[in-house]
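The values are calculated or read from the model by the stated rules, or taken from the named source; none is laboratory data. Please read these numbers as outputs of a predicted model, since none were measured by experiment. FYI the Cβ positions are ideal-geometry reconstructions off the backbone, even for glycines, and counts take in every protein chain you see.
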Amino acid sequence: MFQANNLKLQSLDDGYVELHFDAAKGSVNVFNQATLAELLEALSVLGQQSKVKGLLLTSGKGVFVAGADITEFDAAFNGTETDRRGFLSSANQAFNKIESLPFPTVVAINGFALGGGFEICLACDFRVMSSKAEVGLPETKLGIIPGWGGTVRLPRLIGFDNAVQWIATGDHKKAAAALRDGAVDAVVAPELLRDEALGMLVRAAKGQLDYQSRREQKQSPLLLNDIELGMSIRTCRDRVAAKAGPNYPAPVTAVEVLAKAAGMSRDEALEVEFQAFSDLSQTPQCRALVGMFLNDQYISSIAKKYGKKSTKTIEHTTALGAGIMGGGIAYQNAIKGFPVLMKDINTDSLALGMSEANKLLAKRVDRGRMSALDAGNVLSRIMPSLSYEGIGNTDIVIEAVVENAKIKGIVLAEVEYKLAEDAILVSNTSTISIDQLADNLKRPENFCGMHFFNPVHAMPLVEVIRGSKTSEGTLAAVVAHAQALGKKPIVVNDCPGFLVNRVLFPAVFGFDMMIVDGADFQQVDRVMEAWGWPMGPAYLMDVVGIDTAVHCFPSILEGYPERMNDIYDVSPTKLLFENSRLGQKNGKGYYVYETDKRGKPKKSVDESVYALLKPHTKASQALNDEDMVARFMIPMCIELAHCLEEGVVGSPAEADMAVVYGLGFPAFRGGIFRWMDEIGLDKFCEMAGRHHQLGKLYEPTERMREMAAKGQRYYS
């Protein structure tokens with residue numbers, strides 16, 4: 001009946017028609033403008049047919065439709081309101097037509113149906129879902145709301161409160177949850193999906209299922225009286241606002257849109273949805289979150305290219321060094337199916353490593369994410385050992401011993417001698433040069449850095465550090481293994497501190513200088529957390545470990561003397577370390593810690609810290625919030641610019657995702673380079689200029705000044 005590049009319309013037996021999505025290019029279906037134009041054309045052809053009994057929607061891909069093509073957002077979002085209306089109109093026209101066809105419609109949902117992919121499902125009369133599929137409206141994670149009728153149809157199907165939860169969180173929903181909430185009408189095994197959907201369509205056409213009442217329900221006001229609706233709105237508004245916080249407007253806007261449109265018809269409600277979508281698309285949060293999504297796709301594509309080059313299969317791993325970090329690395333390998341030898345010279349460290357893995361597995365069991373039997377099987381993949389017995393069979397050794405160049409050098413040379421010729425050796429060092437550690441190795445081409453972040457199971461980033469002698473084959477295998485562990489690998493070139501820690505420590509030094517100048521560390525923490533950081537610098541040092549941070553100082557200070565030598569002689573962080581205040585690990589750092597009922601450390605103020613710092617700091621100085629943000633952020637931004645200009649990192653996208661995934665840089669700001677673009681490089685350089693007296697740590701690069709003068713951006 002109709003065939004195009006992304007979909008086709010075909011006749012089935014006995015008057016039924018199938019609309020089949022199967023894009024000629026790519027592994028998934030997406031709703032780009034070309035596909036939507038084809039959809040409108042197909043529906044026009046369908047409208048000219050007579051004696052059609054029903055329409056079945058299916059997909060020829062492993063997913064139904066993954067959603068809108070986000071690469072097309074930029075043109076619409078940077079245009080006028082008319083441009084944005086045009087961007088949304090094709091889909092809304094098509095979905096409204098589907099909802100108004102003179103015969104029933106049923107969709108067979110396989111794989112993922114997300115965003116626009118789920119919104120077309122909502123326009124259908126009935127939804128049949130594979131038990132392996134997931135659905136959802138994740139638009140708030142991009143700083144917007146659904147714009148193709150999702151805020152209109154979903155609450156009329158599943159109720160106001162449920163719809164708020166779905167839309168405000170943006171979570172994917174598995175089949176059981178979707179069926180329970182009423183978002184789909186049936187869940188079946190994948191192999192039965194098409195037959196069951198077609199059977200439901202036949203029943204609807206025969207009048208056994210009332211599809212007309214479904215349509216009336218979706219096109220009418222919500223069936224709630226004013227009192228019920230008012231209570232739901234107040235409850236949902238407060239709950240969503242508390243969870244989203246002040247920096248993410250989309251979830252709260254979603255509640256307001258659902259509330260405003262509750263008493264309206266479909267077409268009136270669609271206009272409310274459009275206005276809110278259009279307004280949100282102009283926010284810095286939307287620009288940042290959409291940019292982050294595209295950056296994430298970019299770094300994933302780079303990792304996939306590396307992975308495809310890998311000729312080595314990794315089947316067995318070794319974690320060299322136990323404790324918290326080694327235990328976390330062993331756990332991550334084991335839970336992804338790899339048998340792990342966990343080697344240490346200390347029985348207590350091995351016990352701590354096994355305890356860490358066991359604790360993480362127990363949490364999964366308690367939360368219903370894993371059975372006790374499966375957890376036991378994972379734990380059995382970890383073999384703690386005081387000897388190297390069996391290490392000759394390992395494919396990759398991940399060294400995670402103490403952060404000391406001499407000790408690491410000795411241990412790496414010792415273990416290399418025991419490995420197979422093609423085995424890969426990597427170091428989890430935080431700051432020590434990979435080339436320096438490779439000096440003692442006979443096969444430096446098989447060696448690189450593989451820097452995990454603590455806690456290993458939770459932090460997405462793995463820095464893969466290329467040494468000057470590292471082979472491309474080694475890099476490819478390590479990147480592929482990081483992906484197999486469920487991580488986001490980013491390849492960087494060797495230098496002291498690599499990328500993430502090299503960028504972090506100038507900010508830490510900036511924080512230290514603030515404290516010496518009389519700032520209150522608690523106030524600095526409050527300001528930076530309000531700015532968007534998950535924790536302020538003092539709290540961060542306590543969590544990382546003040547001893548761990550101080551042990552990294554020499555590598556950074558010696559690596560970049562032209563900038564770092566300008567910092568003050570007194571370091572409050574180092575002062576705490578010298579007084580055995582190590583942070584959470586011994587219960588006292590900038591704050592003191594006690595374990596709560598759930599076993600988590602809870603911080604409180606310790607006045608003795610102020611007494612310890614007082615002889616080394618100036619009289620209390622009330623820096624304003626703007627100054628605190630500037631003094632913490634400027635050194636971090638400038639150092640990242642140095643990294644990009646020196647070729648340590650390949651692109652602004654990789655750099656930004658590294659600081660988001662490795663440091664917890666606020667996602668709603670999109671990364672350091674995107675934040676500088678947002679405020680303008682000219683404004684950033686002016687801000688740095690106001691703090692020039694603090695030394696070269698606050699001096700923008702010449703390239704930054706040139707870009708600022710020309711009005712250039714890091715992202716075009």
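From the list Tyr593, Tyr539, which residue is surrounded by 15 or more Cβ atoms within 10 Å (Cβ to Cβ), under 31 Å from the mean Cα position of the chain (by Cα) and part of a strand (DSSP E or B)?
Unique residue meeting the criteria: Tyr593.
Taking only the range 118-161 into account, find how many residues are acidic (Asp, Glu), over 23 Å from the mean Cα position of the chain (by Cα) and either part of a loop (DSSP other than H, G, I, E, B) or buried (at least 24 other Cβ atoms within 10 Å of the Cβ) (or both).
Residues meeting the conditions: 2.
Please work out which residue is surrounded by the most Cβ atoms within 10 Å (Cβ to Cβ), limiting yourself to the range 640-655 and to residues that are of a type in the set (D, E, K, R) and part of a helix (DSSP H, G or I).
Glu654
Would you tally the residues in the range 495-528 being among the hydrophobic types (A, V, I, L, M, F, W, C) and closer than 30 Å to Gly647 by Cα?
So the count comes out to 13.
Of the residues Ala709, Ala658, Ala688, which is touching a strand residue (DSSP E or B) at 6+ places or on another chain (Cβ under 9 Å) and either assigned by TED's automatic domain parsing to the domain that holds Ile465 or in a helix (DSSP H, G or I) (or both)?
When all the criteria are applied, what remains is Ala658.
Residues that are within 29 Å of Phe64 (Cα to Cα), over 36 Å from the mean Cα position of the chain (by Cα) and hydrophobic (A, V, I, L, M, F, W, C): which helices (runs of 4 or more DSSP H) entirely in the range 173-262 hold 3 or more of them?
193-205
Does the range 235-250 include one or more residues that are touching a residue at least 40 places away in the same chain (Cβ under 8 Å), closer than 20 Å to Glu81 by Cβ and assigned by TED's automatic domain parsing to the domain that holds Asn96?
Scanning the range 235-250, I find at least one residue that is touching a residue at least 40 places away in the same chain (Cβ under 8 Å), closer than 20 Å to Glu81 by Cβ and assigned by TED's automatic domain parsing to the domain that holds Asn96, so the answer is yes.
Go through (1) surrounded by 23 or more Cβ atoms within 10 Å (Cβ to Cβ); (2) over 22 Å from Glu654 (Cβ atoms); (3) without any contact (Cβ under 8 Å) to a residue 60 or more places away in the chain one by one and return the number of the condition Leu386 breaks.
Among (1) surrounded by 23 or more Cβ atoms within 10 Å (Cβ to Cβ); (2) over 22 Å from Glu654 (Cβ atoms); (3) without any contact (Cβ under 8 Å) to a residue 60 or more places away in the chain, Leu386 violates only (1).
If I ask for residues that are acidic (Asp, Glu), farther than 24 Å from Asn501 by Cβ and in contact (Cβ under 8 Å) with a residue 60 or more places away in the chain, which ones from the range 665-706 would you list?
The answer is Glu678, and nothing else.
Please specify each residue of the range 419-435 satisfying the condition of being outside any strand (DSSP E or B), in contact with a helix residue (DSSP H, G or I) (Cβ under 6 Å, 6 or more places away or on another chain) and not aliphatic (A, V, I, L, M).
Once the filter is applied, which keeps residues that are outside any strand (DSSP E or B), in contact with a helix residue (DSSP H, G or I) (Cβ under 6 Å, 6 or more places away or on another chain) and not aliphatic (A, V, I, L, M), the range 419-435 yields Ser430, Thr431.
Considering each of Ala108, Ala91 in turn, give the residue that is touching a Leu at 6+ places or on another chain (Cβ under 8 Å), part of a strand (DSSP E or B) and closer than 24 Å to Asp181 by Cβ.
Unique residue meeting the criteria: Ala108.
I need a count of the residues in the range 176-211 that are closer than 21 Å to Arg153 by Cα and of a type outside the set (Phe, Trp, Tyr).
18
Working carefully through the options Phe447, Phe505, find the one that is assigned by TED's automatic domain parsing to the domain that holds Val544 and crowded, with 24+ Cβ neighbours inside 10 Å.
None of the others qualify; the one that does is Phe505.
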